[in-house]
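Novice: Below: one structure in structure tokens.
The values are calculated or read from the model by the stated rules, or taken from the named source; none is laboratory data. Computed from a predicted structure; not experimentally measured. When we count neighbours, we look across all protein chains shown, and the Cβ atoms used for this are built from the backbone with ideal geometry, even at glycine.
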Amino acid sequence: MSEVTYTQEQFDAILQKEADKRVTDALGTAKTKWEEQKKLDMESERTNLKTELEANAKLSAEELAKKEFEDKMGELTQKEISIKRKENLLQAYDEFSKAEIPKSHYEKLVGMMVSEDENATLTNVKNFIETFNVTKTDIETKIKTEMSKINSPDKGGNESTTKAEFDKMRYSEKVKFKTEHPDAYKGFMG
């Protein structure tokens, strides 16, 4: 048995031919599977349509009209629910606006508060507003209480503030001093 040698070009051509053959075979297999699946899907759809047509054929004209009426009523009911939900959403936004609640505080939760029932939506929104206001008041009260515990740097008034003390004040303290004691401020600033 003799050994066969190929040039690089011959080897590349043989390799390309084998790759093309494998790709063609794979595409053929995939096409066959797709055609079989499509045939099964079409047969299933045909069977479903046939069953529906047979069921409709058995219905009398009156029953068929009744079925169509019920289908239309179902669609109308769904549209009515959707419209009512949108109306309630607008009403909820209006209530939040009247209560002067910033949008960032309710926008993530408004979807859970709104439903197609107007009374339920209004109750949910009012409960949120009430809870928000109570929480806000509690926080403000707590902040005021904590702030009242902080001593003011110039409690003694401008009589006890010297030029040296004024010079050591931070900018914000000087602004406050200017507001509270404009004459003394002018005197220190020369």
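Novice: Mind checking which residues of the range 173-190 are part of a helix (DSSP H, G or I) and under 15 Å from residue 162 (Cβ atoms)?
Specialist: Scanning the range 173-190 gives 173, 174, 177, 184, 185, 187, 188, 189.
Novice: Next question, about the same structure. Condition check: part of a helix (DSSP H, G or I) and outside the structural domain of residue 128 (by TED's automatic domain parsing). Does residue 87 satisfy that? Working first, answer last.
Specialist: Working: part of a helix (DSSP H, G or I): yes; outside the structural domain of residue 128 (by TED's automatic domain parsing): no.
For residue 87, the condition - part of a helix (DSSP H, G or I) and outside the structural domain of residue 128 (by TED's automatic domain parsing) - is not met.
Novice: In this structure, is residue 56 farther than 30 Å from residue 132 by Cβ and part of a helix (DSSP H, G or I)? Please lay out each step first, then the result.
Specialist: Values: farther than 30 Å from residue 132 by Cβ: yes; part of a helix (DSSP H, G or I): yes.
Against the criterion (farther than 30 Å from residue 132 by Cβ and part of a helix (DSSP H, G or I)), residue 56 qualifies.
Novice: Okay, next question. In contact with a Gly (Cβ under 9 Å, 6 or more places away or on another chain), assigned to a helix (DSSP H, G or I) and modelled with pLDDT under 90 - does that describe any residue in the range 59-67?
Specialist: No, the range 59-67 contains no residue that is in contact with a Gly (Cβ under 9 Å, 6 or more places away or on another chain), assigned to a helix (DSSP H, G or I) and modelled with pLDDT under 90.
Novice: I would also like to ask the following. From the list 141, 179, which residue is assigned by TED's automatic domain parsing to the domain that holds residue 80, farther than 30 Å from residue 77 by Cβ, without any contact (Cβ under 8 Å) to a residue 24 or more places away in the chain and loosely packed, with under 11 Cβ neighbours inside 10 Å? Steps first, please.
Specialist: Working: 179 fails: assigned by TED's automatic domain parsing to the domain that holds residue 80.
Being assigned by TED's automatic domain parsing to the domain that holds residue 80, farther than 30 Å from residue 77 by Cβ, without any contact (Cβ under 8 Å) to a residue 24 or more places away in the chain and loosely packed, with under 11 Cβ neighbours inside 10 Å holds for just one of 141, 179, which is 141.
Novice: Let me ask you something else. Counting only residues that are over 48 Å from the mean Cα position of the chain (by Cα) and of a type in the set (A, V, I, L, M), how many does the range 1-33 have?
Specialist: Count: 6.
Novice: In addition: Return the pairs, sorted by first residue and then second, in which the second residue is among the acidic types (Asp, Glu) and surrounded by 11 or more Cβ atoms within 10 Å (Cβ to Cβ), the first residue lies in the range 63-84 and is free of Cβ contacts under 8 Å to residues at least 60 places away in the same chain, the beta carbons are less than 7 Å apart, and the residues are 6+ apart or on different chains.
Specialist: 81/116; 84/116
Novice: Same structure, new question: Just wondering, is there one or more residues in the range 4-19 that are aromatic (Phe, Trp, Tyr), in a helix (DSSP H, G or I) and modelled with pLDDT under 90?
Specialist: Within the range 4-19 (the criterion being aromatic (Phe, Trp, Tyr), in a helix (DSSP H, G or I) and modelled with pLDDT under 90), the answer is yes, since at least one residue qualifies.
Novice: Just one of the numbered conditions (1) at pLDDT 90 or above; (2) more than 25 Å from the chain's Cα centre (by Cα) is not true of residue 78; which one?
Specialist: (2)
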